[in-house]
Amino acid sequence: MHEEFVVQTHLREEFVHITGKVQDAVRRMKLEEGFCVVYVPHTTCGITINENADPDVIADILMGLKRMVPENVSYAHLEGNSPAHIKASLMGSSVLVVVEGGRLVLGTWQGIFLAEFDGPRHRKVIVKGVRT
């Protein structure tokens, strides 16, 4: 069983909080106990779990990634978005979340984010549920 939804990003680089949409997908799948995989089938965006209470955390992550992967390097990829590919690889394309009682099991401050590095774009998110 799986569900899909689309996220519209608006900036070149941004984190979009998608926890609510993932929870909605779990509810539609009627997944009570098990886990879900949240996956993006794209090469220039990723998925991550991090703090959703203080937006400065996300700003700091984006700043750190910009320092780690500079734009002004002579990358070989002709499309010009090599930094986006590298950042997406650092984030990863999926996360695994436990589900109990039909709810995502996340820490108090945790949220699920789509990490956009080559926007703005329409991004597909796939949520695959597994019952245990």
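The values are calculated or read from the model by the stated rules, or taken from the named source; none is laboratory data. From a predicted model like this one, the values you see are computed outputs, not experimental measurements. FYI the Cβ positions are ideal-geometry reconstructions off the backbone, even for glycines, and counts take in every protein chain you see.
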What are the residues in the range 67-112 that are in a helix (DSSP H, G or I), surrounded by 11 or more Cβ atoms within 10 Å (Cβ to Cβ) and of a type in the set (D, E, K, R), if any?
LYS87
Among the residues of the range 1-20, write down those that are under 21 Å from THR108 (Cβ atoms) and either surrounded by 19 or more Cβ atoms within 10 Å (Cβ to Cβ) or touching a Pro at 6+ places or on another chain (Cβ under 9 Å) (or both).
PHE15, VAL16, ILE18
Quick one: GLU51 ticks every box in (1) in contact with a strand residue (DSSP E or B) (Cβ under 8 Å, 6 or more places away or on another chain); (2) surrounded by fewer than 18 Cβ atoms within 10 Å (Cβ to Cβ); (3) closer than 17 Å to GLU13 by Cβ except a single one, so which number is it?
(3)
Taking interchain pairs and intrachain pairs at least six residues apart, which have beta carbon atoms under 8 angstrom, with the first residue in the range 84-113 and free of Cβ contacts under 8 Å to residues at least 24 places away in the same chain and the second assigned to a loop (DSSP other than H, G, I, E, B)?
ILE86/VAL69
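Sort through ARG67, ARG103, ARG28 and tell me the only one that's within 23 Å of GLN8 (Cα to Cα), of a type in the set (Lys, Arg) and at pLDDT 95 or above.
So the residue among ARG67, ARG103, ARG28 that is within 23 Å of GLN8 (Cα to Cα), of a type in the set (Lys, Arg) and at pLDDT 95 or above is ARG28.
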Criterion: of a type in the set (Gly, Ala, Ser), closer than 21 Å to GLY129 by Cα and not in a loop (DSSP other than H, G, I, E, B) - qualifying residue of GLY46, GLY64:
GLY46
